[in-house]
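Reading through the structure tokens given below for one structure.
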Amino acid sequence: MSVLRLASVSVVALMLAAPALAQTQTVTGSDEAGVPEIVVTLQKREQKLLNVPAAVTGLSASFLTDVGVTDFAELSLFVPGFEVQDQSPNNPGFVMRGITSDSGAATGEARVSVFQDGVSISRSRGAYVELFDLDRVEVAKGPQSTLFGRGALIGAVNIIQAKAKPVLDGKAAISVGDYNYRMVDAMVNVPLSDTLAVRLSGRAKHRDGYTENLLGGEDFNGLGSDALRLTAAWRPSDALRFDLISNYQKDSTPGTGFKSGTFTPIDPKTGAVIGDLSPTSGAALANGAGFKNRDLGLERTVTGTTLLGEWRLSEAYRLSSISAYRRFSASEVFDADGMSLPLLAIAEDAKGKQWSQELRLNYDAGGAVSWFAGLSYFKEEASTAVPMQINERLAGLFLANALARPTPQSPAVLDATATAVFGVLSPYVLTNHRESSTNFGKTESVDAYADLTWRATPKLELSAGVRYTQDDKVSGYAASVENPSALAAASSLTPVITANVQAQVTQLVTQYVTATGTAPSQAQINAWTAQVTPVVTQAVVAGMPPVGIFKQPTPGNGNRVDQSFSDDGVTYRLVARYAFSDTVNAYASLARGRQPKVLSGDSGSTPLAAPKFTYADAETVDSLELGLKTRLLDGRLSWDTAVYGYRYKNFQTQVATQSGGLITVSAGEADAYGLETQAYYRLTPGADLFVTYAYSHARFGNGLYEGNRFRLNPDHSLSLGGRFKFSTQNARFWFTPTYTWQSDGVFDDNNDLPKYQPAVAGLRPVADTKQDEKQDAYGLLNLRLGYAPLNAPWSVEVFADNVTDEAYIKDAGNTGDNLGIATFIAGEPRMVGVTLRMNY
């Protein structure tokens, strides 16, 4: 089905349905009998969700608590068209309507923006923050560049944090569970005067890993986050208000369980088999000896301070200001090959800091026209370094396809084999060769935007918005080697060593003949050869340039090389909303989103050569969206539906280079269309049902991956559940079951097709012909059961996640896939626990 056909059919269906629904609708019932209406600020003003002409999901703090949402991955289960993959807090993937935003490069740009109270925190290595003490979360699908600015190519998530209030309040929650799970949430709100209040909240969340470490030590895929937030609110007058928000988060997690699907886990000392190839069983992973002087895992710190200001100049005009400073520093060490032998250990050291300022003027006098306009400034400096340690002896055998599959030879056999293979170079083929590459990004951006809404009739509302963005950017690259690689230089060193040894032995033979008048014996020549060879080899190796295996050093063995460039573009939206009644309306939206062009650096082909820079042109998406929003059955049913069609140009994706690195390139055109629906139904006061469903058909139209599915994008996803609350004479009880399901999906834009993964000398010794980097359809059942004495300040809740213990994977491929040895990350198994909550 084409985009136009889907849109045409959907227009007819929605237009026919809307008048009928309007005719049967009655006046909304009481707050208790009806579904509570969420108020959002997507269009820079407070509006009921019903009246916002866009596909928006608004989730209140109470709903998030009831269904057990504490992070983005859990949040996404209840938002149609939104997926989140969380390898670790340092490496999340945000997916909106099939489009993934997860690049860790400092030169990359986000497609899905994440905001905290209007401040972009979209750089992926600093975007995954704990969700605690919130007012609500707003998730807007579709191009939102006009409303949100950079990075909102295909959607935006806005986290609205709870602000300080002029009341004395406090609460706490303590959770414990299996896998040594423990989480503590706490908040206290204190008024200091009639105009000033402060609020302090925090979270500590820790859990042991659920993937067994077969070599001993910490298990993999655990949690370890501590977060603190201080807010202050000052209201010097009814017309003026300020909110100061300061966040701090520290993450310290055990290693991510990248498990090889090629090599069986073995004891790295004896070679004995200690595991199997199942992605959900134990893994035998370890850091390379001495690399980064730490174990596998993540150490990350994220801080940020935001000042929100609002000045009501008059009844019609309102001036808003958002000032923010943010920084993050993250270092993650992981076993990239996923196997027991210390072939390859990699770290990622990412840093970033940003400053932003936005000023916006709103006008709304209650008449036919309202508008807002603003200016924003954004500056960011970021870097991502990727140091790695390579066991050259194992790497040489691997690249020669001399490692037995699936069970490698014992370490003793491998060492003897390497000694024989490398011959005279064997002493210089290291077990700890180290090299590193770093990409740098600097952006200064200025935006100007305006948006106008005209209420043409009491039922028809027209909106138009435009944003102009000007970027001045610098992309930089540097690479270095700590010690030259004899493995990488072996093909050039061996002939030189052979020639020099022959020359010196020939000289010794000549001297012998001159002195004795006779030719030396073969035994004597062999002795001279054995004597000369180590000396010659040492001299030749000492004269090597600083050559790397995967990354060749930049000039000066690590000098940074920069390239500057500019980029600008315009995005827009045109929206029409028609109110069939107070409780039924439809909308149509035409919008353009834009991702700025990207310049990626990579090593040159020879040591000390200048780096190569590759441009990926600006990516654009044109969107047509049609929606229907209703509040039916006397306000007891909230039902929103949207259909959409997208067309992308210069779709940006990351591909592996010959050196094993990743660069951003244009994969050509792509199309996507789909449907999203969400409903919330109040059977009776205290008994609610909710359901979401999304259909997303996203495919590459031409270019590199023509016909392929988008990664991390199941065609179908579903969530449903209930919130059931009832009371007796002495107690309150509640029961919250939820079930989420998604159809099969792939983890890479190449869809794990063999034609994209041939054998490549020096990188991938064996072609990857097995299509196993995918996840079949699966569903997760979660249950929550709570109890509280009537009028008591405490409650207790038992919870169980993944009740049926469904086995699934949440990622496949990863760095190992570039070498033809894909790794897999298991999803969470069944977990149970209990939560005690207290209000004071």
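The values are calculated or read from the model by the stated rules, or taken from the named source; none is laboratory data. Every value quoted in this text rests on a predicted model; they were computed, and no experiment measured them. So basically every Cβ, Gly included, is an ideal-geometry build from the backbone, and we count neighbours across all protein chains shown. The accessibility values were calculated without ligands, DNA or RNA, using every heavy atom of the protein model including side chains. Shrake-Rupley method; radii C 1.70, N 1.55, O 1.52, S 1.80 Å.
Below, the figures for the structure above:
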| read-out | value |
| --- | --- |
| Rounded to whole Hz, the Karplus (6.51, -1.76, 1.60) HN-Hα couplings of the range 189-205, x for glycine and proline | 10, 10, x, 9, 6, 5, 10, 10, 9, 10, 9, 10, 9, x, 9, 10, 10 |
| Added length on full extension, which subtracts the Cα-Cα distance from 0.36 nm per residue, residue 410 to residue 446 | 7.0 nm |
| Accessible area in square angstrom per residue, the range 487-537, 1.4 angstrom probe | 60 Å² |
| Other-chain or far-sequence residues with amide H under 5 Å of residue 135's (modelled H) | 160, 161, 162 |
| Calculated P(r) of the chain - Cα pairs past 44 Å, % | 33 percent |
| Share of alpha-carbon pairs per 5 Å distance bin for the range 244-291, given as whole % | 4, 16, 20, 18, 13, 8, 5, 5, 5, 4, 2, 0 |
| Compactness of the range 183-258 as Cα Rg over 2.2 N^0.38 Å, two decimals | 1.69 |
| Cβ-Cβ FRET estimate between residue 513 and residue 539, R0 fixed at 30 Å, reported to 0.05 | 0.70 |
| Cβ-Cβ FRET estimate between residue 590 and residue 704, R0 fixed at 22 Å, reported to 0.05 | 0.20 |
| Residue 498-residue 269 FRET efficiency (beta carbon distance; Förster radius 41 Å; 0.05 resolution) | 0.70 |
| Alpha carbon convex hull of the range 665-712, volume per residue in cubic angstrom | 85 Å³ |
| Between the range 666-720 and the range 32-90, the alpha-carbon center distance in angstrom | 16 Å |
| In sequence order, calculated HN-Hα J values of the range 731-739 (Karplus, 6.51, -1.76, 1.60; Hz; x Gly/Pro) | 8, 10, 10, 8, 9, 10, x, 9, 9 |
| Carbon/sulfur fraction of accessible area - the range 487-537, other protein chains in place, 1.4 Å, % | 60 percent |
| Given charges at Cβ of Lys, Arg, Asp, Glu: the chain dipole, positive-most of 777, 244, 489 | 244 |
| Between the range 286-354 and the range 507-546, the alpha-carbon center distance in angstrom | 57 Å |
| Fully extended contour minus Cα-Cα distance, from residue 568 to residue 421, at 0.36 nm per residue | 47.4 nm |
| For the chain: relative contact order, % (alpha-carbon pairs under 8 angstrom, 6 or more apart) | 12 percent |
| Three semi-axes of the equivalent ellipsoid, the range 487-537, Cα gyration tensor, whole Å, largest first | 26, 10, 7 |
| Ordering of 422-428, 379-385 by packing [mean C-beta count within 10 Å, highest first] | 379-385, 422-428 |
| Per-residue SASA entry for residue 649, accessible area with 1.4 Å probe, Å² rounded to 10 | 100 Å² |
| J(HN,Hα) series, the range 564-577, from Karplus relation 6.51 cos²θ - 1.76 cosθ + 1.60, nearest Hz, glycine and proline x | 9, 7, 10, 8, 8, x, 10, 10, 8, 8, 10, 9, 10, 10 |
| Counting all C-alpha pairs of the range 684-736, share separated by more than 13 Å (%) | 72 percent |
| Dipole magnitude of the chain about its Cα centre (Cβ charges: Lys, Arg +1; Asp, Glu -1), debye to nearest 20 | 1140 debye |
| Centroid-to-centroid separation of the range 386-408 and the range 453-505 [C-alpha atoms, Å] | 25 Å |
| Kirkwood hydrodynamic radius (C-alpha pairs) into Stokes-Einstein, the range 409-566, 20 °C and 1.002 mPa s, D in µm²/s | 99 µm²/s |
| Cα pair distances of the range 54-151 binned at 10 Å [whole percent] | 16, 52, 30, 2 |
| Residue 181 long-range amide H proximity, modeled H, under 5 Å | 208 |
| Helical contribution to [θ] at 222 nm, DSSP H n ≥ 4, -39,500 (n - 2.57), averaged over the chain, rounded to 500 | -4500 deg cm²/dmol |
| The range 190-325 - Rg (one decimal) and Dmax (whole number), Cα, Å | 24.6, 79 |
| Rounded to the nearest 10 Å², the accessible area of residue 163 at probe 1.4 Å | 40 Å² |
